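These notes concern the structure reproduced below.
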Amino acid sequence: MSRTAAICHSSHSAQTSGIRKEKEMNHPLEVFKYCPKCGSENFEIHNALSRHCYDCGFTYYQNPRASTAAFILNSRGELLVVRRAKEPAIGTLDLPGGFVDNEETAEQGIIREIREETGLDIKEVSYLFSFPNIYRYSGMDIHTLDMFFVCHADDDAVVNAADDVAECMWIPLRKVYVERFGLRSIRQAVHTFLQRKS
Ligand SMILES: [Zn+2]
């Protein structure tokens with residue numbers, strides 16, 4: 001499942017309200033007005049991370065969503081870069097990756113996402129670092145923690161863009177330009193990765 005598909009809020013009004021949607025971007029704690037356990041309106045912001053229901057006692061915590069992305073290299077020193085097929089940041093460059101599913105390790109998640117988006121069958125990944133991000137989806141600012149991995153692909157590996165990816169490209173590292181990546185955490189990660197490589 002991709003970063004877009006993994007968050008399945010069916011916000012019909014947000015999808016149909018166009019420009020208004022952009023102005024209403026909000027923290028989930030400001031958007032969620034009712035207790036998700038009992039439906040009470042007596043559901044107050046408790047602190048920066050939670051809302052508390054004064055009827056049933058439930059405290060809802062807004063935790064960052066775990067997400068992954070991969071630096072996939074071949075022996076020619078080329079990086080596999082993809083083009084985003086969907087919002088947010090449609091048309092900009094990205095790294096393969098997406099949200100971690102429930103009951104999945106981050107390593108399993110990134111290997112699955114690589115397969116879904118590029119068709120590559122990667123056996124092993126190594127953890128690099130993480131960056132927090134705010135991912136705008138359906139009129140809400142979804143906080144994520146993006147974990148980055150590095151792995152290697154065979155030079156003759158065939159890649160096929162699928163899922164949320166419009167295009168796959170092998171780009172020599174010296175021609176990878178940070179500003180062409182649309183998501184903030186991905187830009188930070190690409191910048192850090194290139195610095196370490198140089
Ligand atoms: Zn409640």
Self-check item: ³J(HN,Hα), Karplus 6.51/-1.76/1.60, whole Hz, each residue of segment 53-67, x for Gly, Pro
Solution: 8, 8, 9, 9, x, 6, 10, 8, 9, 8, 9, x, 7, 6, 9
Quiz item: For segment 88-94, in order, what is each residue's ³J(HN,Hα) by Karplus, 6.51 cos²θ - 1.76 cosθ + 1.60 with θ = phi - 60°, in whole Hz (x at glycine and Pro)?
Solution: x, 6, 4, x, 8, 7, 7
Practice problem: With a 1.4 Å probe and every protein chain left in place, tell me how much accessible area Val190 has, in Å² to the nearest 10. | Solution: 0 Å²
Practice problem: Using 0.36 nm per residue of separation minus the Cα-Cα distance, give me the extension gain between Asn47 and Arg76 in nm, one decimal. | Solution: 5.4 nm
Quiz item: In degrees between 0 and 90, to the nearest 10, how far off the longest principal axis of the chain does helix 184-197 point, with axes built from Cα atoms?
Solution: 30 degrees
Self-check item: Furthest towards positive pole of dipole, Gln195, Ala85, Pro172, structure part segment 77-198, Cβ charges
Solution: Gln195
Practice problem: Give the ranking of Ser75, Ser130 by solvent-accessible surface, highest area first, calculated with a 1.4 Å probe. | Solution: Ser75, Ser130
Quiz item: Non-local amide H neighbours of Met140 (under 5 Å, H modeled in plane, Pro and chain starts lacking H): which ones?
Solution: Asn26
Exercise. Obtain the radius of gyration and the Kirkwood radius of the chain from its C-alpha atoms and give Rg over Rh.
Key: 1.03
Quiz prompt | Inter-label distance for Ile90 and Asp141, nm, one decimal - labels placed 7 Å from Cα along Cα-to-Cβ | solution = 2.3 nm
Practice problem: For Arg76, Arg84, write out the residues from largest to smallest accessible area, computed with a 1.4 angstrom probe and no ligands counted. | Solution: Arg76, Arg84
Exercise. Round to the nearest 0.05 the FRET efficiency obtained for Thr105 and His191 when R0 = 22 Å and r is the Cβ-Cβ distance.
Key: 0.25
Quiz item: In whole Å, what three semi-axes, largest first, describe the equivalent ellipsoid of segment 81-198 built from its Cα gyration tensor (square root of 5 times each eigenvalue)?
Solution: 20, 17, 16
Quiz item: In square angstrom, what is the accessible area per residue of segment 110-198 with a 1.4 angstrom probe?
Solution: 53 Å²
Practice problem: Show the residues, 5+ positions off or on another chain, whose built amide H is closer than 5 Å to the amide H of Val165. | Solution: Ala85
Self-check item: Segment Val31-Arg180, length gained on full extension (0.36 nm per residue, minus Cα span)
Solution: 50.5 nm
Exercise. Run the accessible area of segment 73-198 with a 1.4 Å probe and give the carbon-and-sulfur part as a rounded percent.
Key: 48 percent
Practice problem: Kindly count the pairs of lysines across the chain whose alpha carbons are less than 22 Å apart, treating pairs on different chains or eight or more residues apart as eligible. | Solution: 5
Self-check item: Karplus-derived 3J(HN,Hα), 6.51/-1.76/1.60, for each residue of segment 32-44, Hz, glycine and proline x
Solution: 7, 8, 10, 4, x, 8, 10, x, 5, 7, 7, 10, 9
Quiz item: With each run of n ≥ 4 DSSP H residues scored as -39500 (n - 2.57), what mean residue ellipticity at 222 nm is computed for the chain after dividing by its residue count and rounding to the nearest 500 deg cm²/dmol?
Solution: -6000 deg cm²/dmol
Exercise. Using per-residue counts of other Cβ atoms within 10 Å, averaged over each peptide, order 95-103, 53-61 from highest down.
Key: 95-103, 53-61
Quiz item: In whole angstrom, how far apart do the alpha carbon centroids of segment 95-172 and segment 38-80 sit?
Solution: 18 Å
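The values are calculated or read from the model by the stated rules, or taken from the named source; none is laboratory data. From a predicted model like this one, the values you see are computed outputs, not experimental measurements. Don't worry about glycine lacking a Cβ; one is built from the backbone with ideal geometry, like all the others, and counts go over all protein chains shown. With ligands, DNA and RNA removed, areas are computed over all heavy atoms of the protein, side chains included. Shrake-Rupley method; radii C 1.70, N 1.55, O 1.52, S 1.80 Å.
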